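Read the structure below first, then the notes.
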Amino acid sequence: MAYHHGDLAAALVEAGLDLTRSGGPDALTIRAVTRRVGVTPNAAYRHFPDRRALLRAVSAAIEARMAQGMERGPAAPRASLRAVGLGYIGFALLEPGWFAVAFFGAGDASPESVVDSPAYLALADALDMMVHIGDLDPAARAAATWSCWSTVHGFAELALRGPLRHLDRAELWPLAEQAVDTVIAGLPPAV
């Protein structure tokens, strides 16, 4: 893809998405992105001061795409939470390169940066709705966030890099559903 005037920053992010989709965060270099776009590396530095800044922009684009796949619709809150969890795992399985970039690529996954991620916000919205209708104890809300996130993220990691990586999708998906269903069943309702 050659760059021909317009939004160079967006073109660099798009090239970064192309590179990281199959290669993960290690595939993203300023040189590779600029080569793909057809500009010199110096041109990229006008928009991104370094590789890490470009990686953060690519990660943000990935997280936005991930959140779109986690759309919940007008379902009941527990069903919505289930859709969010399975959407998270499904994205990781379909896009392992992007998943690695989104959660490990930029190296700054502090609790503060996580709470701004679209994936986190989708989870938070589902849990807030459960609290609102009395299906989740408000005192358990904060812990529920990390329990749910740990379950889906841990499952995704086990499926991508751990002992579940050798299972095919037909064997893996029922286990993903069981993991999500189990953590949701363990959430305490309001009393």
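Couple of notes before you dig in:
- Test for Asp116: is it exposed (fewer than 12 other Cβ atoms within 10 Å of the Cβ) and within 16 Å of the chain's Cα centre (by Cα): yes
- Selection of helices (runs of 4 or more DSSP H) fully inside segment 1-92 by the criterion of at least 3 residues being surrounded by 18 or more Cβ atoms within 10 Å (Cβ to Cβ) returns 8-23, 30-37, 51-69.
- Within segment 109-134, residues that are at pLDDT 90 or above have Cβ atoms under 9 Å from residues that are acidic (Asp, Glu) and surrounded by 14 or more Cβ atoms within 10 Å (Cβ to Cβ) in these pairs: Met129/Asp135; Val131/Asp137, counting only partners at least 6 apart in sequence or on another chain.
- Filter pass, Ala190 being over 21 Å from Glu95 (Cα atoms), at pLDDT below 95 and either assigned to a helix (DSSP H, G or I) or in contact with a strand residue (DSSP E or B) (Cβ under 7 Å, 6 or more places away or on another chain) (or both): no
- Checked against the criteria, Leu187 counts as of a type in the set (A, V, I, L, M), touching a Leu at 6+ places or on another chain (Cβ under 8 Å) and either closer than 21 Å to Ala83 by Cβ or surrounded by 16 or more Cβ atoms within 10 Å (Cβ to Cβ) (or both).
- Criterion (at pLDDT 90 or above, of a type outside the set (Phe, Trp, Tyr), crowded, with 17+ Cβ neighbours inside 10 Å and more than 25 Å from Val58 (Cα to Cα)) met by exactly one of Ala176, Ala159, Ala139: Ala176
The values are calculated or read from the model by the stated rules, or taken from the named source; none is laboratory data. Keep in mind it's a predicted model, so treat the numbers as computed, not measured. Backbone-built Cβ (ideal geometry, glycine too); neighbour counts: all protein chains shown.
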